[in-house]
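To start, the structure itself, in C-alpha cells.
The values are calculated or read from the model by the stated rules, or taken from the named source; none is laboratory data. Small disclaimer: the values here were computed from a predicted structure and weren't measured. All Cβ positions, glycine included, derive from the backbone under ideal geometry; neighbour counts span all protein chains shown.
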C-alpha cells in the first residue's frame with residue numbers, strides 16, 4: 001500500500017516528513033526489549049516454586065533436591081514485547097501556534113518518534129485520537145503497513161473541539177485487552193481531579209500510564225503586551241483583557257493547575273512529566289525517554 005493511495009499529495013508529504021524525522025532521530029535513544037515480570041523460561045532466574053506433576057523435569061533444581069530432599073522447579077523472568085498506546089490530544093487548544101513551533105506539530109513529531117521507536121523494537125503500538133470523544137483509533141499492531149497507517153491517522157486528524165480527556169480515557173479502557181504502556185500527550189487543559197481519576201482506572205487495570213504535558217512557554221507566561229483579544233480555541237469564546245493587569249493572576253492559575261496535576265498523577269501511580277514545546281523536540285523527548293530507562297534499571 002502506497003502513501004499516496006490514501007492521502008492527498010500534501011498529506012502524503014507530511015507523512016514522509018514525519019517518517020524521515022522519526023527514522024533519522026530514533027537510533028540510540030532506547031534500545032533493547034521491554035522487561036515484564038511474566039513467568040516463563042528465559043536467561044534470568046526469578047524464583048522457585050514447588051514441583052507439581054506435569055511440570056517439565058528439565059526445570060527441576062537438582063541442587064535444592066540434593067540439599068533439602070524437596071522437588072522444586074525454577075522459574076525465570078521472561079522478556080516480552082509491550083503494547084504501547086499513544087493517546088493524543090487533538091482538541092482545539094492543541095492547535096495553538098506560536099514560535100518556535102505549534103503545539104500540535106510538536107506533538108505529532110513526538111508521536112511519530114515514539115511510533116518509530118516501537119516499530120524498531122518490534123513492539124506493537126496503537127494510536128488513540130482524543131478530543132470530544134475518541135475521534136480516531138488504530139488498534140495495536142506492528143510492521144511497516146501498521147506504521148504507515150499510524151502516520152496516516154496522525155496527519156488526517158484536525159485540531160478542533162473541546163477536550164473531554166476523562167471521557168476518552170474511559171472509552172480507551174474498553175479497547176485495551178492486554179496490559180499496555182499508555183502514553184498521553186496533551187496540554188491537559190481539563191480539571192485535574194477527574195482526569196487523574198480516569199487515568200487511575202487504567203493503572204488499576206494493570207496498565208503503565210505516562211502523561212507528557214505539552215506546554216508552550218508563551219502560553220504559560222502570557223507574554224503579550226497591550227489590550228489583547230483572547231479566543232478560546234476549544235469553545236470559540238472571545239474575551240479582551242490587558243495582559244499586564246491579569247498576568248499575575250493568570251500565572252497563579254497555571255501554577256495551581258500544574259501542582260494539581262503533579263499531585264493527582266502521583267496519588268494514582270502515574271508518571272507525569274512536562275514536555276515543553278521547543279524546536280529541538282527530538283532532544284526534549286529523548287531526555288524523558290532516557291530518564292525513564294534509567295529509572296527502570298534501578
- Item | Residue that is assigned to a helix (DSSP H, G or I), touching a strand residue (DSSP E or B) at 6+ places or on another chain (Cβ under 9 Å), modelled with pLDDT under 90 and exposed (fewer than 15 other Cβ atoms within 10 Å of the Cβ), where the choices are 295, 251, 255 | 295
- Verdict on residue 121 being surrounded by 15 or more Cβ atoms within 10 Å (Cβ to Cβ) and at pLDDT below 80: yes
- Message: Against the definition (in a strand (DSSP E or B), surrounded by fewer than 18 Cβ atoms within 10 Å (Cβ to Cβ) and in the same structural domain as residue 89 (by TED's automatic domain parsing)), how does residue 139 come out, yes or no?
- Response: yes
- Across the range 263-272, what is the total count of residues that are part of a helix (DSSP H, G or I), surrounded by 15 or more Cβ atoms within 10 Å (Cβ to Cβ) and touching a strand residue (DSSP E or B) at 6+ places or on another chain (Cβ under 8 Å)? 1
